[in-house]
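The values are calculated or read from the model by the stated rules, or taken from the named source; none is laboratory data. The structure displayed is predicted, hence computed values, not measured ones. Here Cβ is always computed from backbone atoms with ideal geometry, including for glycine, and neighbour counts include all displayed protein chains.
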Amino acid sequence: MSLSAKSDIKTENWPRGLPGTVNESALKRVFDVTLSGFGILVSTPLWFLFGVLVKAEDRGPIFYAQDRVGKHGRLFRSLKFRSMIQDADRNYGPLQASLHDPRITRIGGFLRATAMDELPQLWNIFIGDMSFVGPRALMPNEIEIAGDGSVISLEEIPGYQKRHMVRPGLTGIAQIYASRDIPRKNKFRYDLLYIRKQSFWLDVRLVLLSFWISFRGRWESREDKF
């Protein structure tokens with residue numbers, strides 16, 4: 001059974017329109033394939049190094065594969081270097097990482113700060129599950145804990161479905177500019193802004209900013225990333 005078939009996410013009513021011209025969409029895809037393919041080739045030594053470090057810390061799995069919601073609600077398997085303790089989702093639930101998160105391992109802290117944990121997602125980009133730039137890929141049935149302690153399904157938050165008009169991205173406006181601790185409804189506004197304003201040159205700018213943040217190791221910062 002395919003992932004889409006076994007998903008309880010109903011896709012028939014998801015928005016199908018894609019902003020931007022056909023030429024821009026094709027250019028975006030060529031950019032994604034070219035850059036991800038090149039990235040996989042040149043980063044091969046890092047895959048080996050990080051794999052050894054992740055394995056050495058607690059003898060657990062090197063990679064962490066997880067269902068994520070893609071374009072039009074289709075599920076795909078996202079691949080990352082494992083940055084949390086084993087069975088983190090099973091023990092803690094599908095929650096976004098927080099400051100001083102006890103689930104994060106020592107090497108995982110470095111991988112997350114530099115975004116190197118997401119290096120295997122270059123393969124997801126290469127095969128078309130993701131793009132370099134777009135809304136963050138969310139887990140199916142992901143939840144958010146409100147300030148009063150109540151549990152909110154992300155699917156109930158306005159903008160959830162519209163953000164899946166495009167492929168999810170490794171980086172994006174929300175990932176770069178939104179504070180990590182703001183409510184998801186505010187992050188979704190950044191995602192919808194990207195969908196309205198997206199262009200090839202905006203993608204290039206956001207990718208370059210992301211490289212700079214990775215170089216500085218500021219992805220986990222609660223302050224200005226720049």
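Just wondering, is there one or more residues in segment 120-131 that are charged (D, E, K, R), at pLDDT 95 or above and crowded, with 17+ Cβ neighbours inside 10 Å?
From segment 120-131, those charged (D, E, K, R) are 129; that's our starting set.
Of the ones still in play, those that are also at pLDDT 95 or above are 129.
Filter once more, so that each one left must be crowded, with 17+ Cβ neighbours inside 10 Å: 129.
Yes; the residues of segment 120-131 include at least one that is charged (D, E, K, R), at pLDDT 95 or above and crowded, with 17+ Cβ neighbours inside 10 Å.
For segment 138-152, give me each residue that is surrounded by fewer than 16 Cβ atoms within 10 Å (Cβ to Cβ) and not in a strand (DSSP E or B).
Matches in segment 138-152: Asn141, Ala146, Gly147, Asp148, Gly149, Ser150.
Could you please tell me which pairs satisfy a Cβ distance under 6 Å, a separation of 6+ or placement on different chains, a first residue in segment 77-89 that is assigned to a helix (DSSP H, G or I), and a second residue that is surrounded by fewer than 21 Cβ atoms within 10 Å (Cβ to Cβ)?
Once the first residue is assigned to a helix (DSSP H, G or I) and sits in segment 77-89, its partners that are surrounded by fewer than 21 Cβ atoms within 10 Å (Cβ to Cβ) give Ala88/Arg103.
Restricting the search to segment 36-79, which residues are surrounded by fewer than 20 Cβ atoms within 10 Å (Cβ to Cβ) and in contact with a strand residue (DSSP E or B) (Cβ under 7 Å, 6 or more places away or on another chain)?
Answer for segment 36-79, where residues must be surrounded by fewer than 20 Cβ atoms within 10 Å (Cβ to Cβ) and in contact with a strand residue (DSSP E or B) (Cβ under 7 Å, 6 or more places away or on another chain): Ile62, Phe63, Ala65, Gln66, Asp67, Arg77, Leu79.
State the number of residues belonging to segment 51-82 that are in contact with a helix residue (DSSP H, G or I) (Cβ under 9 Å, 6 or more places away or on another chain), hydrophobic (A, V, I, L, M, F, W, C) and within 30 Å of His164 (Cβ to Cβ).
The number of residues fulfilling the criteria is 7.
Considering only residues that are free of Cβ contacts under 8 Å to residues at least 12 places away in the same chain and among the hydrophobic types (A, V, I, L, M, F, W, C), look in segment 153-203 and name the one that is surrounded by the most Cβ atoms within 10 Å (Cβ to Cβ).
Among residues in segment 153-203 that are free of Cβ contacts under 8 Å to residues at least 12 places away in the same chain and among the hydrophobic types (A, V, I, L, M, F, W, C), the one surrounded by the most Cβ atoms within 10 Å (Cβ to Cβ) is Ile182.
When you go through Tyr177, Tyr190 one by one, which is the residue that is of a type in the set (Ser, Thr, Tyr) and modelled with pLDDT of 95 or more?
Selected residue: Tyr190, the only one of Tyr177, Tyr190 that is of a type in the set (Ser, Thr, Tyr) and modelled with pLDDT of 95 or more.
Being modelled with pLDDT of 90 or more, of a type outside the set (A, V, I, L, M, F, W, C) and touching an Asp or Glu at 6+ places or on another chain (Cβ under 6 Å) is true for just one of Arg184, Arg167. Which residue is that?
Arg184
Listed here are the residues, each with its yes/no results for (1) more than 21 Å from Ser210 (Cα to Cα); (2) not in a helix (DSSP H, G or I).
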{"site": "Arg136", "(1), (2)": "no, yes"}
{"site": "Pro158", "(1), (2)": "yes, yes"}
{"site": "Arg167", "(1), (2)": "no, yes"}
{"site": "Leu170", "(1), (2)": "no, yes"}
{"site": "Asp181", "(1), (2)": "no, yes"}
{"site": "Lys185", "(1), (2)": "yes, no"}
{"site": "Arg196", "(1), (2)": "no, no"}
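Evaluate the following for Leu111: is it part of a strand (DSSP E or B) and crowded, with 21+ Cβ neighbours inside 10 Å?
Considered against the rule, which asks whether it is part of a strand (DSSP E or B) and crowded, with 21+ Cβ neighbours inside 10 Å, Leu111 comes out as no.
Which residues, counting only those in segment 114-128, are part of a helix (DSSP H, G or I), under 22 Å from Arg29 (Cβ atoms) and touching a strand residue (DSSP E or B) at 6+ places or on another chain (Cβ under 7 Å)? Full working, then the answer.
In the first step, residues of segment 114-128 are kept if they are part of a helix (DSSP H, G or I); the result is 116-118, 121-126.
Subsequent filtering for residues that are under 22 Å from Arg29 (Cβ atoms) retains 118, 121-126.
Those that are part of a helix (DSSP H, G or I), under 22 Å from Arg29 (Cβ atoms) and touching a strand residue (DSSP E or B) at 6+ places or on another chain (Cβ under 7 Å): Glu118, Gln121, Trp123, Asn124, Ile125.
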